[in-house]
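Comments concern the structure below.
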Amino acid sequence: MNDPGKTSIPPPLPLLTRLRFVQHQTTLLIVLIAITIAAFFLTRSLAAANRALHRSDAARWHAIGKQRLAERDATGAVAALRRAATRHRDSRDIQLSLAEAFSAAGDSGNARDVLLKIRQRFPDDPEVNLRLATLEAGSGHTDEAIRNYQTALLGLWGSEQLAQRRQLRSEYIEFLLDRALPQRALSESLLLAGEIPDDLPSHLRVGDLLLRAGDPARALQQFESALDVAPSDPEALARAGEAAFEAGSFRLAHKYLSAAPDRPRSRTLRPVVELIAALDPLMPGLATRERHRRVATATDRLAVEVERCRVTACATAGSRCTSIEGLAKETATTRAKLARRGRRGESVDAGLSIVVALAERASAACGANPPIIRAVALIAARHGVGR
Amino acid sequence: MKPSKPLSSYSLQLRESHLFVAVTIVVGILAGLSAVLFAVTIDLLNRLFFGVDPSTMRLIAMPALVSVVTGLLMRHVFHGIRGSGIPQTKAAYHLNGGIVSPLVPVGKFLAGTLAIGSGHSLGREGPSVQIGAGLASAIGQWLRLPPERVKDLLPVGAAGALAAAFNTPVAAVIFALEEIIGDMNATLLGSTVVASVASVVVARSVLGNEPLFRVPAYHLVHPAELLAYAALGMVGGCVSIVFCKALLGLRGWFRRLPERTVVWQPAMGGLAAGLILVAAPQLLGTGYDYVDRALNGGVLLQMALALGLMKIVATVISYASGNPGGIFAPTLYIGAMTGAVVGTIVSRLAPFAVAEPGAYALVGMGAVFAGIVRAPLTSVFMIFELTQDYQIIVPLMVANLLSFYLSRTFQPLPIYHALLAQDHVHLPSAVTRKADRSWTAWHVMETRVPFVGADATIADAVATLRGDPVRLVGRADAFQGTVTVTQLRDALADGRGTDRVDSLIKQPSIHAHPDHPLAVVVERLAHSDGVIPVVSRADAQVLLGVVTVEGIMRGLRGRTDGSRQQDGGPPAPTLQAGRQPGPEEA
């Protein structure tokens, strides 16, 4: 017969014995808990040491990676920075460097992945969003770039980072202007105007952006603010003159441009502005006679310009010479006609319209825009004469 | 003064229950701490052995040199710590009442950290499970808990360790139930959950709550993409089969080498692993950083293919040569690379929009895990917890199940069972564990059995025949197999009388274990030559008895007569498997 090998059931222990046994086990358990606590602290300190070691290794590889990046060894940089990222995968700086290395290696896909992963962890990090924006801008993804620029601008900026934020907005406006998005650029420029400190470079920069975004009036305000800070700054004067010119405030333009005669832009604009100041027949406060005189003078100046043009064109005979000769004759006739009208006290507006039409024809025939033609065109535009 | 409450049996029972809950929590915490410490020590040793930028010489020499030490440790100091540790844990739970020697967790910790830290392509999770389970068992024994409580603590410790090792509390509980206990309805659910939670809380307080892998949120891009995931499941299944067959084949080869080489076998594996590391340093250790890269779509097709193949080779060599370390991490690595390969091909060929290769790497990881470890539920939850990405769960389930079924078809025995079978340990199947034990092989077997020595000649065996249908070859503690009388007589007639009798043994031989229900025994008897050897589960080379039709009849008659006591049912199989038959009884 087989012995089934069964474990015989022991008789139940008396309650008191069981109680003592449980008490003994409880004591042992307390000892075990003490051992567990000690083990916890041991493990934690070892884990901390290991973490520190990993971070030091990561820092070393990070430095190597950055060095290789500086040496333009993008592949080597990617390898080193990948090692660094493996050893300290939470490091934002290492990940940013890795993204930079990928970009340098021409691998914008991986660079984007790395940056997007960092952004998952730091969604409001302006630098990450800026890098993403720059990456997208470089890849021609305008919408993504705009989104990332805006996210970067709306991110969390410390009080010590305001200058960087202004710089970023400025870069964003440049990007928008390059992509021919002046309305967005204007909105951002106005926001930037509210953020800048009251100093010369900031006002100049914002004024410049506003001017490029198509708002010369607000640009003029910025340049005037700059002049409040530095009244004799030639750059500010020249730009204020330019903005005033673009805004149609020719008297102001004349004032500012005259004060900054050595600036290239001043040299271009000042003759035009001076002509406008001298020839605008519809300027308020003028006597009728003076208005007619101005129309006549403008015609004379135009005649001189057409004659100069004729001489140049007819030096080499051709059809252009013939047409300009016709225009010269017509100009002389017109001048006499206008003189008669002036003596009869007829409308200055009508005379100005004739001059404007003549200027347009002269511009078309001569193929250039000398100051007198520009001045007449601007006077006409200012008063809604001609077209 | 208030009189003290009288002591009642109920209140004492309550105290005992509370005590067990407290022990469960402490075991969970300790198991978790041990897993964290194991991982940290591996990291530190890896840094020590290889420095920041390992040289070629170090890559070649370090695994081999360190494996010499681990080989000596495993041979002379710590036994039962080779390989993963999960098979040993299962065997301890099912065959040894949850008793594990306290030396096992200590030895596994030492040898495991050395082996994995020295660059072997092995995982740390399997050893963590064995260490956690071993600690749990040691604590249970130290507190002198009842045997059933000690046994219950084993999966509790295993769950705690796995939860901390992977930061996957749910998967750890499911793994303990699905793989260690082998019963999803086990009553230990509460204890494993408590231990797993305690372990993860402690591990997170030490390491932080970071998923092992950081992956973008992947999802099913197109419904037809499920077909691609199904294909990935099939490929994953094939990879699993190749891996299992290669692992078992090479391990079998190592086991057949002479006994004196056992101590050097880990070093042989170490040398081969070192040479592979020179070609692919990306395989160093667990290789989780490359898995992470694959999951993020950062590994190219050729690279993924090469790394996947080399990882299979490196892991098979490291594991089969007896180095202590698991196959969880390599499985995930191989799966991720398989997925990356399939994903890249799909993204190039698919006529519709598909997810990035990283999504396929994620699903591939689960599919290969399900195919190799053969724990599909654990696989799904583990991938979900490892990546904290729920969106990809449907493709993951599809691929997992296909891989699982394919692997099960061509590799019927799960890898851990197959590894144990190579060590002559036969775990009971789920059916056997749940079967009615009122009649088992143990109750009807006869222990007075005739043997013939394995080195005896066929002529000698024929000369000692006494009308038995078969002869048992070997000894009671070194059972080789059976030969039939017909075989013996035919061999003698063929003039092979001087050949050794063991040359006639057919493998695999039909056998039974003492806990097999009678129905199973009778079924096997129908396919046998009339005699079924009954061998120990703990060591299939130990013969406990034989079952014959006559034996069954005698057993039944004996019970009817009341001459046999059957009230308590059959014994639980143990590593000291009861009475062993005497020497040859001719």
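Read the figures in this text as sums done on the coordinates, not as results from a lab. If you're wondering where the values come from, they're calculated on a predicted model, not measured in any experiment. Positions of Cβ are backbone-derived with ideal geometry, glycine not excepted, and every protein chain shown enters the neighbour counts.
Worth pointing out:
- Near-label residues of segment A:84-125 by backbone N, under 17 Å of a point 7 Å along Cα→Cβ of A:Thr75: A:101-108
- Across segment B:1-160 the C-alpha pair distances fall into 5 Å bins from zero in the proportions 2, 10, 16, 18, 15, 11, 8, 6, 5, 3, 2, 2, 1, 1, 0, 0 percent.
- Principal axis dimensions, largest first and in whole angstrom, of segment A:142-289 by Cα: 64, 31, 26
- Taking the three principal axes of the alpha carbon atoms in segment B:406-461, the coordinate ranges are 47, 32, 18 Å, sorted in descending order.
- With contributions of -39500 (n - 2.57) from each DSSP H run of at least four residues, the per-residue ellipticity at 222 nm computed over chain A stands at -27000 deg cm²/dmol.
- The radius of gyration of the Cα set in segment B:291-377, together with its Dmax, comes out at 13.4, 47 angstrom.
- By the count of other C-beta atoms within 10 Å, a proxy for reagent exposure, B:Asp152, A:Asp262, B:Asp455, A:Asp93 are ordered fewest to most as A:Asp262, B:Asp455, A:Asp93, B:Asp152.
- Cα centroid separation, segment B:343-392 to segment B:261-320 (Å): 21
- Gyration tensor over alpha-carbon atoms, chain A, equivalent ellipsoid semi-axes in Å: 83, 24, 19
- Dipole magnitude of segment A:255-349, debye to nearest 20 (Cβ charges: Lys/Arg +1, Asp/Glu -1, about Cα centre): 160
- Antiparallel DSSP beta bridges within the protein assembly as shown, as percent of all bridges there, nearest 5: 80
- Unit charges at the beta carbon, dipole of segment A:161-295: most positive-side option, A:Pro216, A:Val272, A:Ala180: A:Val272
- Computed from Cα atoms, the angle from the helix B:376-387 axis to the main principal axis of chain B rounds to 20 degrees.
- Placing pseudo-labels 7 Å out from each Cα toward the beta carbon at B:Ser503 and A:Leu286 gives an inter-label distance of 13.2 nm.
- Potential extension, A:Arg340-A:Gln67 segment - 0.36 nm per residue separation minus Cα distance: 90.1 nm
- For the pair segment A:30-93 and segment B:63-130, the centres of their Cα atoms are 28 angstrom apart.
- Centre separation in Å (Cα based) which lies between segment B:508-526 and segment B:166-226: 38
- Were the residues from A:Glu235 through A:Ser159 laid out at 0.36 nm apart, the gain over their Cα-Cα distance would be 24.3 nm.
- Efficiency of FRET from Cβ geometry, B:Ser55 and B:Gln302, R₀ 30 Å, rounded to 0.05: 0.70
- Shape descriptor for chain B: Rg over Rh equals 1.02 (Cα atoms; Rh from the Kirkwood inverse mean 1/r).
- Around the amide H of B:Leu544, modelled in the peptide plane, lie the amide H atoms of B:Val534, B:Val535, B:Ser536, all under 5 Å away and 5 or more residues distant in sequence or on another chain.
- Enclosing the Cα atoms of segment B:175-325 in their convex hull gives a volume equal to 194 cubic angstrom per residue.
- Convex hull volume of segment B:442-506 per residue (C-alpha atoms, cubic angstrom): 87
- Using distinct alpha-carbon pairs, which all enter the 1/r mean, Kirkwood radius of segment A:31-149 in Å: 15.7
- Counting all C-alpha pairs of the protein assembly as shown, share separated by more than 45 Å (%): 53
- Listed residues B:Pro258, B:Leu220, B:Leu309: farthest to the positive end of the dipole of segment B:195-343 (Cβ charges): B:Pro258
- Label point at A:Asp199 placed 7 Å out along Cα→Cβ; residues across segment A:137-174 whose backbone nitrogen lies under 12 Å: A:163-164
- Distant-in-sequence amide contacts of B:Gly119, defined by a placed amide H-H separation under 5 Å and a gap of 5 or more residues or a different chain, comprise B:Gly285.
- Note on B:Arg489/B:His424: beta-carbon distance plugged into 1/(1 + (r/R0)^6) with R0 of 22 Å gives a FRET efficiency of 0.15.
- Phi-based couplings in Hz for segment B:269-278 (Karplus 6.51, -1.76, 1.60; Gly and Pro marked x): x, x, 5, 5, 5, x, 5, 5, 4, 5
- Volume per residue that the Cα convex hull of segment B:360-452 spans, once the total is divided by residue count, Å³: 143
- Ellipticity estimate at 222 nm from DSSP helix runs (n ≥ 4, -39,500 (n - 2.57)) divided over chain B, nearest 500: -19500 deg cm²/dmol
- The region of chain B that goes longest without hitting one of the chymotrypsin sites (Phe, Trp or Tyr not before Pro) in a DSSP loop, each with at most 15 other Cβ atoms within 10 Å, is B:1-351.
- A dipole drawn for the protein assembly as shown from +1 and -1 charges on Cβ atoms has a positive end, and of B:Ile510, B:Leu65, B:Leu45 the residue lying farthest that way is B:Leu45.
- Estimated FRET transfer efficiency (A:Leu53, B:Ala279; beta-carbon r; R0 25 Å; 0.05): 0.35
- Amide N proximity, segment B:312-329 versus B:Arg75 label position 7 Å along Cα-to-Cβ, cut-off under 12 Å: none
- P(r), alpha carbons of segment B:346-399 - 5 Å bins starting at zero, rounded %: 4, 21, 31, 21, 12, 8, 3
- Calculated P(r) tail over 23 Å for segment A:270-387, as whole % of Cα pairs: 26
- Against chain A, whose longest principal axis comes from its Cα atoms, helix A:142-154 is set at around 70 degrees.
- Measuring from each cysteine beta-carbon in the protein assembly as shown, the ones with no other cysteine beta-carbon under 4.7 angstrom are B:Cys238, B:Cys244.
- Backbone amide hydrogens, once placed in the peptide plane, bring B:Val452 within less than 5 Å of B:Leu472, B:Val473, B:Gly474, excluding anything fewer than 5 places away on its chain.
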